[in-house]
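Laboratory data are not the source of any read-out in this text; all were calculated from the coordinates shown. Note that this is a predicted model, so its numbers are computed, not measured. Methodologically, a virtual Cβ is constructed for each residue, glycine included, from the backbone with ideal geometry; neighbour enumeration extends over all protein chains shown.
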Amino acid sequence: MTEQFDFTSTERAVSPQREPVFGEDVRADAKRIVERYPEARSALLPMLHLVQSEQGHVSSEGIDFCAEQLALSAAEVSAVATFYTMYKRKPCGQHIVSVCTNTLCAALGGDEIYKGLSEHLGVGHDETAGTPGEEGSLTLEHAECLAACDHAPVLQVDYEYYDKQSPESALELVKSLQRGEKPAPTRGAGLTDFRTAERQLAGFFDRPGARLSESVDGPSAAPETLRGAHQAQHSGWTAPAMPDEAPIPPLPEKE
Amino acid sequence: MTDADSRPDPLTPVLTKRWLSPNSWHIDTYEQLEGYTALRKALAAQPDQLVELVKTAGLRGRGGAGFPAGVKWSFMPKEPAKPHYLVINADEGEPGTCKDIPLMMADPHSLIEGCVIASYAMRANKCMIYVRGEALHCIRRLNAAVEEAYARGYLGRDILGSGFDCDIVVHAGAGAYICGEETALLDSLEGKRGQPRLKPPFPAQAGLYACPTTVNNVETIATVPFIVNGGSDWFRRMGREKSPGPKIFSLSGHVERPGQYEAPLGTTLRELLELAGGMKDGIPLKFWTPGGSSTPLFTAEHLDVPLDFEGAAEAGSMLGTTALMIFNETVSVPWAVMKWTQFYEHESCGKCTPCREGTFWLAQVLERMVDGRGTEQDIDTLLDVCDNVFGRSFCALGDGAVSPITSGIKYFREEFLALCQQNRPGAEPGEPALAGAAR
């Protein structure tokens, strides 16, 4: 471990003149992440979300920053950052639009939705329309199954769910995002932006509109979610009644 | 016990019942609806009694493999020489699977209560919930629920005066399907690339930070408080002998009313389809998955297969996550299989050669076939590559990747052949091969 840290320091010494990209506040946040875990390295995934929330992607400075905080080599952090789809290697737009094109969503229209958005925005997978970070700039990606198959076809904007989309509704949604509007997701909190979402993934809920108390509510019980429960209620079906006193079995005899 | 022999209702909402209450995710709602009563009861018992209870109830893991949860718990050492960990697998990503995310959104406290009970039973003082990064709203709800639980003394030091301490950390993943594999999840949680580990040692010996660890699925753990309150006999009144209890069946695709239906294990697709209003627009069923894309396909012949761990296996598939993706006659099987194969190609972690190479070759062959450039020999090539991936990969991803292909060819070989007809020597150029699905 020490050797790796030394290596990082040596590497740093080659270009020592750079202004620190991440301020004291980010450093303090990074420390708070480390404190959550019994072992520091567990903080790496949330910390990568944190640097991404600062810069809109995981830059080489972001990688160096994480390496320094966790006494890892930049290569070790890079190896992790490049493994996971959600860490973006190029600057992202104000919003990220993820269209599920896995089999089920695709069969119900997901491929058409993706194609329509791609044509409208003039970009392909993992590319950004507009100037990254500016209002109305959008990064498009096709996503793997987003675990909302009962609402298919789905897409996410900044990881908020927009259920039961059509090529037309998705295009309208993207156009309004480009105008700087923030249409409400079908389920989830009000839309913020990619960087705020990334900060929440790092475990921080401290920005206006993104405080835990403000953002925890919002709709989540879509008709599909409640379908079985509603149907049971209407039909008078229930699970068997629990006994008043259900015993917990005694300790098993030692063999 | 006469009463116990009677057949339960078609739907048995246990986990999903509270979802109907307004603001079901708030602790006040949860407490009004018997929330945290199971925890009090559990903390009054000995940890091993709870392990015994879960064993007797016959609760089987809801994450796909169906391993008996109580048995898994009993692998944990009795005397903690090192810290013990409970890790919750909330990395829901198996195509078709969409039960844990609504559960965590609607009723995060049931998971938290289950976590504390399970941690107590396994002598763990730290529990990590590894949530898929794309499930941002679940992460918010869980974080808020954890805060609420600390404030009411259900987490932290000396919980409810029992002397037991338990902390929960909500951890966001970063978009890698492989992290749903329990040892890859542990590596990811340690801040590494999510690649599976060689077993043994199993997590109960050397899991997170090489300490004794149990990894359980969300639905499994959220079921525990109900078993504590209702007892094992009550639990066993639903489901079948070897697969007891209620289960959330997630119906998606070409059905009239897709959604979450909690029914006893052993319910059939025919029964579930009836509840869901039948096939969409009356277009007949063609193929379906009993538990996600990694479970071999079923067809209309399998409508009466009892959907429990034994029933699905006897019929040649697996119960998986009870993610019932339903496709009608308009969908091309080779196309669907190609799409799933592209998914596995993308998600293969690259650690072992059969899966890394195999998924890439399989995807290329299927893409060629769907594009109308295949030959009959490609079918044999596919099966040959599948044979070299299945059972030879490091983890279950490889096995899952070949499931749609081998079962697709088994039941729909004609469709694969039809794609190749035009490429026979001397054949007339035919219709362009179907690429993609009709609506």
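Quick notes on this structure:
- If only the Cβ of Lys and Arg carry +1 and only the Cβ of Asp and Glu carry -1, the dipole of chain B around its Cα centre is close to 940 debye.
- Compactness of the protein assembly as shown was expressed as the Cα radius of gyration divided by 2.2 N^0.38 Å, which yields 0.94.
- Here each label is just a point 7 Å from Cα along the line to Cβ, and for A:GLU39 and B:ALA300 those points are 5.5 nm apart.
- Rounded to 5, the percent of DSSP beta bridges in chain B classed as antiparallel: 45 percent
- Taking the convex hull of the alpha carbon positions in the stretch A:67-176 and averaging its projected area over all directions gives 7.7 nm².
- Inter-site label distance for B:ASP371 and B:GLU414 at 7 Å from Cα along Cβ, in nm: 2.8 nm
- By the Kirkwood approach, averaging reciprocal distances over each pair of separate Cα atoms, chain B gets a hydrodynamic radius of 22.7 Å.
- Under-5 Å amide H pairs with B:PHE249, H placed in peptide plane, nonlocal only: B:TYR261, B:GLU262, B:ALA263
- Applying the Karplus relation 6.51 cos²θ - 1.76 cosθ + 1.60 with θ = phi - 60° to the stretch A:227-234 yields 3J(HN,Hα) values of 4, x, 5, 5, 4, 4, 4, 5 Hz, where x marks Gly and Pro.
- Base-10 log of normalised Debye intensity for the stretch A:131-255 (one unit scatterer per alpha-carbon) at q = 0.13, 0.16, 0.17 Å⁻¹: -0.69, -0.89, -0.97
- Computed extension gain for B:ASN23 through B:ALA313, at 0.36 nm per residue and net of the alpha carbon distance, reaches 100.5 nm.
- Loop-located trypsin sites (Lys or Arg not before Pro) in the stretch B:5-90 whose Cβ has at most 15 other Cβ within 10 Å (DSSP): B:LYS78
- In order along the stretch B:258-266, the Karplus-derived 3J(HN,Hα) couplings, from 6.51 cos²θ - 1.76 cosθ + 1.60 at θ = phi - 60°, round to x, x, 9, 10, 8, 9, x, 4, x Hz, and Gly and Pro are given as x.
- Packing-based order for B:387-393, B:81-87, using average beta carbon neighbours within 10 Å, highest first: B:81-87, B:387-393
- Environment charge at A:LYS164 (Cβ cut-off 10 Å; Lys +1, Arg +1, Asp -1, Glu -1): -3
- Look at the stretch A:201-207: the mean tally of other chain Cβ atoms within 10 Å of its residues' Cβ atoms is 3.
- Here the label points at B:LYS82 and A:VAL21, each 7 Å from Cα along the C-beta direction, are separated by 3.6 nm in the simple model.
- When both the stretch B:144-164 and the stretch A:163-196 are represented by their alpha-carbon centers, they are found 37 Å apart.
- Across the stretch B:3-236, Cα-Cα pairs more than 31 Å apart make up 15 percent of the total.
- Whole-angstrom gap from the stretch B:292-312 to the stretch B:392-408, using each part's C-alpha centre: 16 Å
- Whole-Hz ³J(HN,Hα) from phi, Karplus 6.51 cos²θ - 1.76 cosθ + 1.60, for the stretch B:279-289, glycine and proline x: 5, 4, 6, x, 6, x, 5, 10, 8, 7, 10
- Put simply, the amide H of B:VAL255, placed in the peptide plane, has neighbours under 5 Å in B:LYS280, leaving out anything fewer than 5 places away on its chain.
- When the helices of chain A are scored as -39500 (n - 2.57) per DSSP H run of n ≥ 4 and the total is divided over every residue, the value at 222 nm lands at -12000 deg cm²/dmol.
- Of all DSSP bridge pairs formed entirely within the protein assembly as shown, close to 50 percent run antiparallel.
- Most simply put, chain A has about 60% antiparallel DSSP beta bridges, counting only bridges with both residues inside it.
- Added length on full extension, which subtracts the Cα-Cα distance from 0.36 nm per residue, B:HIS346 to B:ARG157: 63.7 nm
- GNM flexibility winner over chain B from B:SER188, B:SER162, B:SER110 (Cα, springs under 10 Å): B:SER162
- The mean of 1/r over all distinct Cα pairs in the stretch B:55-168, once inverted, gives the Kirkwood hydrodynamic radius of 15.0 Å.
- Peptide B:13-21 shows a mean partner chain C-beta count of 5 within 10 Å per residue C-beta.
- Estimated [θ] at 222 nm from DSSP helical runs (n ≥ 4, -39500 (n - 2.57)) normalised by residues in chain B, nearest 500: -12500 deg cm²/dmol
- Dipole magnitude for the protein assembly as shown: about 820 debye, using +1 per Lys or Arg Cβ and -1 per Asp or Glu Cβ, origin at the Cα centre.
- DSSP-loop GluC sites (Glu not before Pro) across the stretch A:78-170, with at most 15 other Cβ within 10 angstrom: A:GLU134, A:GLU135
- Computed over the stretch B:203-323, Kirkwood Rh from alpha-carbon pairs, angstrom: 15.7 Å
- Here A:LYS175 is the anchor, and the aspartates and glutamates within straight C-alpha reach of less than 18 Å, apart from those fewer than 8 places off in the same chain, are A:GLU112, A:GLU119, A:GLU127, A:GLU134, A:GLU135, A:GLU141, A:ASP158, A:GLU160, A:ASP163, A:ASP193.
- Charged side chains reduced to their Cβ positions (Lys and Arg at +1, Asp and Glu at -1) give the stretch A:160-236 a dipole of some 60 debye around its Cα centre.
- Gyration tensor verdict on chain A (Cα atoms; rounded if a/c is under 1.5, prolate if a/b is larger than b/c, oblate otherwise): oblate
- Base-10 log of normalised Debye intensity for the stretch B:333-423 (one unit scatterer per alpha-carbon) at q = 0.14, 0.22, 0.25 Å⁻¹: -0.41, -0.98, -1.23
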